[in-house]
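**Q** Sharing a structure here in structure tokens format.
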């Protein structure tokens, strides 16, 4: 990546985030937390890997956002590529801890729904080695300009969330045959990583 290209990413991302923060303060209501979460992850990657990105022309960042069903950001450094799916929240539970809503269990485990709506849940055996999930507490950033990140590999996410969904819903009936579930602070508190340096180790 050329220095000029990097500077374009850096300046645009910072300006967008600054405008989002100001707009949120003016209107007083949450808006597009998913997009803000993606921008916060993008900014953190730019801050963390600036020297690496500018060291070779074929190092790059791709922002796919909602156009891609599986991941939002792709980072290539020195021949290695990783993909990132950002999950954002501004919701807190009764203990004032972040809570992520509308996660799809089928991303993390195998779910079969029988004709009587009873769910049969099994843990996924496979995983995508270059895919990471980053759960972003956007509300923390809105309050004090300091985002909170929790970083899980696809393997770890399938282990943690697959087991959670299995314990709660295996053999159970759900209204409208839903496979949605909530990720809570207790599920991911051990994966806090503000600098995201684990991604390329």
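**Q** For the Cα atoms of the chain, what angle does the longest principal axis make with the long axis of helix 33-48, in degrees from 0 to 90, nearest 10?
**A** For 33-48 against the chain, the angle is about 50 degrees.
**Q** If R0 is 22 Å, what FRET efficiency do you get for residue 102 and residue 12 from their C-beta distance, rounded to 0.05?
**A** Given R0 = 22 Å and the Cβ-Cβ separation, E is 0.15.
**Q** To continue, here is another question. Can you work out the PRE-style zone for residue 2? Point 7 Å along Cα to Cβ, and I want the residues of region 56-86 with backbone N under 18 Å.
**A** Under cut-off, by backbone N: 56-62.
**Q** Right, next: Using Stokes-Einstein with the Kirkwood hydrodynamic radius over Cα pairs, what translational diffusion coefficient do you get for region 127-197 at 4 °C and a viscosity of 1.567 mPa s, in µm²/s rounded to a whole number?
**A** 94 µm²/s
**Q** Rounded to the nearest 500 deg cm²/dmol, what is the calculated helix-only ellipticity per residue at 222 nm for the chain, with -39500 (n - 2.57) per DSSP H run of length n ≥ 4?
**A** -11000 deg cm²/dmol
**Q** Given the peptides 107-116, 131-140, 43-52, arrange them by the average over their residues of other C-beta atoms within 10 Å, most packed first.
**A** For the peptides 107-116, 131-140, 43-52, the packing ranking is 131-140, 43-52, 107-116.
**Q** Between residue 172 and residue 74, what length comes free when the chain is fully extended (0.36 nm per residue of separation minus the Cα-Cα distance, one decimal in nm)?
**A** 31.6 nm
**Q** For region 3-200, what D do you get in µm² per second when you plug the Kirkwood radius from alpha-carbon pairs into Stokes-Einstein at 37 °C and 0.692 mPa s?
**A** The estimated diffusion coefficient comes to 182 µm²/s.
**Q** Take residue 130 and residue 189, extend 7 Å from each Cα along the Cα→Cβ direction, and tell me the distance between the two endpoints in nm.
**A** So the two model labels end up 3.5 nm from each other.
Bear in mind that the values in this text are calculations on the coordinates, not laboratory data. Quick caveat, the model's predicted, so the values are computed rather than measured. Methodologically, a virtual Cβ is constructed for each residue, glycine included, from the backbone with ideal geometry; neighbour enumeration extends over all protein chains shown.
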